[in-house]
Every structure is written in structure tokens, then in C-alpha cells.
Amino acid sequence: MSLFASGNQTVGPYLHIGLEWLTTRDIAGKGVKGERVAIAGRLIDGDGMGVSDGLIEIWQANAEGKYAHPEDTQKKPIEKGWRGFGRIPTDGKGGFRFTTIKPGRVPGPGGVLQAPHLVVTVFMRGMLRHLMTRIYFPDEAAANAEDPILKLVPAARRATLMPKKKGKTLEWNVALQGKNETVFFDY
Amino acid sequence: MKKIVGYRRPHPGTQPAYNYPPYRSTQKRCPTQPLVLPPQTISEITGPIFGHGDVKPSDSDLTRQHKGEPIGERIVVTGRVLDENGRAVPDTLIEVWQANSSGRYPHRTDQHNAPLDPNFSGAGRTVTDAEGRYRFVTIRPGEYPWRNHHNAWRPAHIHFSLFGQAFLQRMVTQMYFPGDPLLPYDPMFTCIENEAARNRLVSVFDWESTVPEQALGYRFDIVLRGREETPLEKMP
């Protein structure tokens, strides 16, 4: 049997009505091991304006580099109750902020370990199907240098996947267009 | 780890483009640089798992979330969630949201001068059963105007959000109603080039799920991305 997938459609301007109940700004609860990080930034449109009717979702491994999913068969420990999912609607100025733990390294193509990263989906009015991107970590220079996915990104654009340290927060923006347009992935 | 068996690429014409000029807001919100196409990894073929413990049975009846009953025509929306290989997607979270029967959302940015309904919030969720089936009870949403172009009206629709079993199966879509005269004028609907794919977003009247003397039934099946076939082992 062979079907084609249903078409994606925009979340529209009233996405909060259906999606806000699952808002998760603290991805790693108490008792979860790992280095705590706070990540904040803005969703920015082609006019440089904040996207107030947007939402990002995060999917990540725990500090050991294991996903809470039956297809991750690595023999690594996982905390009870660990899900690794975040959902953060933007505020009136397009801003978002969440806290989590830095994930461990997970296997990548060709047996090369991937650098620690968060998988990010981006939804908003004016976007007919969501976009996917990644957040890497600036203090992981050695791992980033050998990451098989980062290697596919033109060197000049890699910085868009790398938050900047600002005090205790990692600052990371999603720019849909413009000079610093974020790298998006299509799998 | 076992070898990664990836998810199929979309069939041409079945998914909307990021830049679709008839939907004006896409112009400042679409990427202008080419997307990067990496191999699928364990990070994408996994995804959050939500189960029956994450929803209450009452979450799937949008007509029973307040003291009184909402105004409007009660409907039952049922269907199956499948993948492109025709396999059921069991135990997966579905979230829905919609306007009330007069075409108004209870949202601070909805300025349409149609009445709000104190007995209707317009949000629901459920988890599919072992065969991928789901069922919502709600009221038929109203059409409403928007400012995309002169005299623009959205056809009646219900927003659906699904997770599937992998982040690559994540999908947000909209369900429409059969025979809606607004469909050919709606850029959300026309953004899908392939006619058969476009019509997959239109529910069908379903006599069998219609509840006598209570509510009309509409069937809406949803297909998520499916796996590539497992590569054959080396031939002898």
C-alpha cells in the first residue's frame, strides 16, 4: 500500500487556543542530571519584526545522549519521567525563553558521534508547513568541528545554529530572512 | 544501534511551498536561502511520546467543557491516523482547535465582530487507539473573514496537530467540510498543488458515525510520513 502524506497547513494566528496547554519552558525537571542551560531569543520575520504568533518545539536527548524513545536502543541510563520535549510560544515581541540540560552526544551517520544539539521545530502564522533547525553549543568546539550535520552547512552560515553566551543565558535567534537567516533543514 | 531506516521524502505537489504569494504573510516569513538536506539521524527518527495518560476523556468532547451547551450544530469527527505505508499510527496525540459556530475564536487578537460563545473554548485533544482511530465531538465551526485580500473568507475548518512516532512525522494541518463553496478561493487550501492531496484535507460526510437525533458524522483520515522500505540484505 502506498499513500502520500496529508498536506501541512499553517497553525494560523490562534494557535495558542489548541497548543498552549502543553507549554513546557522547563524541559528538565528536578533530579535530571546534566549541565543546566537557559536559552532565550526571538523569532524574527523578514522586516526584522518579532513574530508574536509563533511557537517553537524542542526535542532532545538526556545528558547521557539517550532519547526517551523505543527506537533509541543504546544501553545508556535514562531518568524516570524524562521526556525531552519543550514547547514555547513566543511573547508579544517574538521572544522566547526556556531552560533545560545540555544533551549528551548521540550517534550520527557513518558511526561518527554528533555534537550535543537540540532539534527545533518552528511554527507560525504565515508559514504553511513548519521548519526544522538545530541548536548547538558554543563551548563544544571540538565536538562541533567533527559534527557530520554541521559539516553540511556552508561555513559562513554555521553561526546561525550556535547561540552566543550572554551572562548566564545562551542567546539564539531564529531569523526567517535577512543577513543572518537561520539555517533550516529539510529531511 | 541498528541502521537508520528513514522516512520518505514528500511526493511532489502534495506539500505547500514556504513561499506562496497568494497567502501574503508567507512573503516575510519564508526562508530565502536553500534548505540544507542532511541524512536522517536518531535525533529525527525519534520524537516525544504522549500517551493516554496525557489526556482526559472529556478533552475530546468540545461540547461538554462548560456549564451550558455551545450554540451551533453538533458534529462528530472521526477518522484514522495512518502512515504512507497504510499502517495505523496507534497511541499518538492529536490536538485540535477551531472557531465557534459564528466564526469567532476566543483569542485576544481575534477582532471579528461575531459573538463569542461562553460555552465554547474550541480546543480539544485525544490519543489514537490501537488501530489509529480517534473521535471528537464538537460543533461545526463558522466561516470568518480575514485580511489577506479583498473580501477574503476562510472556509469552515478545524486545525489538527499530530506528533506521530518520530519528530519527522510531526504535522499540523486543517480539516475542511465537503461542498464548502469558499474552498477554491482560499489560499490555504489552494497552496497544495496536487488535486488529490488537496482533497484529502476535505472531510467526508459519514452516515455510520452520525448519531441518530444528535449529531452528523464527518470522517477525516490523516496520513503521516511513512518509512522507506527496509533495504534488502545483500543478494547471494
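The values are calculated or read from the model by the stated rules, or taken from the named source; none is laboratory data. Note that the coordinates shown come from a computational prediction; the quantities given were computed from them, not determined experimentally. Glycine also receives a Cβ, built like all others from the backbone with ideal geometry; neighbour counts cover every protein chain displayed.
Computed values, structure above
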| read-out | value |
| --- | --- |
| Count - residues of the stretch B:74-133 that are more than 11 Å from every other protein chain (Cβ to nearest Cβ) and among the small types (G, A, S) | 7 |
| Selection status of B:P39, within 11 Å of chain A (Cβ to nearest Cβ) and either within 21 Å of B:V172 (Cβ to Cβ) or not charged (D, E, K, R) (or both) | yes |
| Matching option when the condition is more than 7 Å from chain B (Cβ to nearest Cβ) and over 24 Å from B:F50 (Cα atoms), among A:R87, A:R36 | A:R36 |
| B:E143 vs. criteria surrounded by fewer than 20 Cβ atoms within 10 Å (Cβ to Cβ) and under 30 Å from A:R83 (Cα atoms) | no |
| Residue among A:T24, A:T73 that is of a type outside the set (D, E, K, R), more than 8 Å from chain B (Cβ to nearest Cβ) and surrounded by fewer than 18 Cβ atoms within 10 Å (Cβ to Cβ) | A:T24 |
| Qualifying residue in the stretch A:88-99 (condition: in a loop (DSSP other than H, G, I, E, B), in contact with an Asp or Glu (Cβ under 9 Å, 6 or more places away or on another chain) and farther than 28 Å from B:E95 by Cα) | no |
| Exclusive hit being more than 11 Å from chain A (Cβ to nearest Cβ), crowded, with 17+ Cβ neighbours inside 10 Å and modelled with pLDDT of 95 or more, set B:T63, B:T46, B:T26 | B:T63 |
| Of the criteria (1) of a type in the set (G, A, S); (2) touching a residue at least 40 places away in the same chain (Cβ under 8 Å); (3) in contact with a Ser or Thr (Cβ under 9 Å, 6 or more places away or on another chain), which one A:A68 fails | (2) |
| B:G179 assigned to a strand (DSSP E or B) and either touching a Cys at 6+ places or on another chain (Cβ under 8 Å) or surrounded by fewer than 22 Cβ atoms within 10 Å (Cβ to Cβ) (or both) | no |
| Unique residue being touching a Pro at 6+ places or on another chain (Cβ under 6 Å) and among the small types (G, A, S) when the list is B:S43, B:S102, B:S58, B:S25 | B:S102 |
| Count - residues of the stretch B:185-208 that are hydroxyl-bearing (S, T, Y) and out of contact with any Leu (no Cβ under 9 Å at 6 or more places or on another chain) | 2 |
| Selection within the stretch A:158-187 - basic (K, R) and closer than 16 Å to A:G95 by Cβ | A:K164, A:K166 |
| Checking B:D129 against (1) under 26 Å from B:Q27 (Cβ atoms); (2) at pLDDT 95 or above; (3) not hydroxyl-bearing (S, T, Y), the condition it does not meet | (1) |
| Residue list for the stretch B:87-109, restricted to those being surrounded by fewer than 18 Cβ atoms within 10 Å (Cβ to Cβ) and basic (K, R) | B:R87, B:R108 |
| Among the residues listed as A:V106, A:V153, A:V119, the single one being more than 30 Å from B:N148 (Cα to Cα), surrounded by 14 or more Cβ atoms within 10 Å (Cβ to Cβ), free of Cβ contacts under 8 Å to residues at least 40 places away in the same chain and facing another protein chain (nearest Cβ under 9 Å) | A:V153 |
| Subset of the stretch A:1-43 (residues that are of a type in the set (S, T, Y), at pLDDT 95 or above and not in a strand (DSSP E or B)) | A:S6, A:T10, A:Y14, A:T23 |
| Candidate set: the stretch A:156-177, residues that are touching an Asp or Glu at 6+ places or on another chain (Cβ under 9 Å) and either under 19 Å from B:R29 (Cβ atoms) or within 14 Å of chain B (Cβ to nearest Cβ) (or both); chosen: the one surrounded by the fewest Cβ atoms within 10 Å (Cβ to Cβ) | A:R157 |
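Every residue, every condition in (1) of a type in the set (G, A, S); (2) out of contact with any strand residue (DSSP E or B) (no Cβ under 9 Å at 6 or more places or on another chain); (3) under 26 Å from B:V5 (Cα atoms); (4) modelled with pLDDT of 95 or more, yes or no:
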residue: A:R125; (1), (2), (3), (4): no, no, no, yes
residue: A:R134; (1), (2), (3), (4): no, no, yes, yes
residue: A:A142; (1), (2), (3), (4): yes, yes, no, yes
residue: A:E171; (1), (2), (3), (4): no, no, no, yes
